[in-house]
Amino acid sequence: MYEWIRQLYADPNMARMGHAQSIEDQNLGSGWIYYGLARALRPSTVVVIGSFRGFVPLVLGKALQDNGRGDVVFIDPSLVDDFWLSPPRVRRHFKNYGITNVRHYCCTTQEFVTTEGYRSLDEIGLLFVDGYHTEEQAQFDFTAFEPKLRSDALVLFHDSVRERQSSIYGENRAYTHSVCRFMESLRLDPAFQVLSLGLGDGLTVVSRAQHHPDPRQVLIEATRR
């Protein structure tokens, strides 16, 4: 694994974008969480929305290959620059790191949900949301894929713990990260469990709530029999 990490960090861009990475000590930062969850959940399908240079789809693709099965569906319209525009270049990029199980769709989530690729998805075990960081877009991404999640699936939201300004799309297109507002609304929904971590630019893990019967009610019902 550490040899693969050394290869990954040969490109300094892989330590950018707020995942608490460190090149000096070959540390994946939050990437260890992504890798570990994918190993533990053993999903057949992972969906990643957004990535600057592919750090998250690479780490998750590596985890699935180490599991011996599974594919990463990676959605990014290449709005920051032209990095994801050429399919042959994208395939070479992932293959350079020994990752061959990533399928890239150069489109937005709004565009992807109209495709056969979306319609054919089922039993998603892990969803990673790291695209356009507004409350509205995070909600759209979540709503689009929530019906296709496995019952034990996890959803990870990056840049999700605080509001801040970003000019990644250019100074004339600066905007405010507001994913944290959607996280607050999910916390109010009893159907979900929500855990936020302050690592790097912030990570929030969402799962469906596991509803267990109240033991007091079970006892009452038992005495009535």
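Just so it is clear, none of the values below were taken in a lab; they were calculated from the coordinates. Remember, it's a predicted structure, so these values are computed and weren't measured experimentally. Cβ: placed from backbone, ideal geometry, glycine included. Neighbour counts: every protein chain shown.
I want to verify a result. In a Gaussian network model of the chain, Cα cutoff 10 Å, which of these has the top mean-square fluctuation: Arg173, Arg187, Arg69?
Top of the fluctuation ranking is Arg173.
Taking the number of other C-beta atoms within 10 Å as the exposure measure, put Leu79, Leu85 in order starting with the fewest.
Numbers: Leu79 15, Leu85 11.
Ordered from fewest to most neighbouring Cβ atoms within 10 Å, Leu79, Leu85 come out as Leu85, Leu79.
Name the residues of region 152-192 whose amide N is less than 15 Å from a point 7 angstrom out from the Cα of Val205 along the C-beta direction?
Of the residues in region 152-192, 152-158 have backbone N under 15 Å from the label point off Val205.
Which order results if Phe74, Phe192, Phe142 are arranged by neighbouring Cβ count within 10 Å, fewest first?
Values: Phe74 26, Phe192 16, Phe142 20.
Ascending number of Cβ neighbours within 10 Å: Phe192, Phe142, Phe74.
Which peptide among 37-50, 7-20, 113-126, 147-160 comes first, and what is the full order, when sorted by highest mean count of other Cβ atoms within 10 Å? Walk me through the intermediate numbers first.
On the way: 37-50: 21.8, 7-20: 16.7, 113-126: 14.6, 147-160: 19.9.
Packing proxy ranking, top to bottom: 37-50, 147-160, 7-20, 113-126.
Hey, fewest Cβ within 10 Å first, where do Thr134, Thr176 land in order?
Arranged by neighbour count, lowest to highest, Thr134, Thr176 become Thr176, Thr134.
Mind grabbing the base-10 log of I(q)/I(0) for region 2-223 at q = 0.10, 0.14, 0.18 Å⁻¹? Debye formula, identical points on the C-alpha positions, no solvent, two decimal places.
Summing over Cα pairs of region 2-223 leads to -0.45, -0.86, -1.46.
So, with +1 on the Cβ of K and R and -1 on the Cβ of D and E, and no other charges, what is the size of the charge dipole of the chain about its Cα centre, to the nearest 20 debye?
On the way: 24 positive and 27 negative charges, 126 e Å.
It comes to approximately 600 debye.
For the modelled label position 7 Å from the Cα of Glu163 along Cα-to-Cβ, which residues of region 121-146 have backbone nitrogen atoms closer than 16 Å?
133-138
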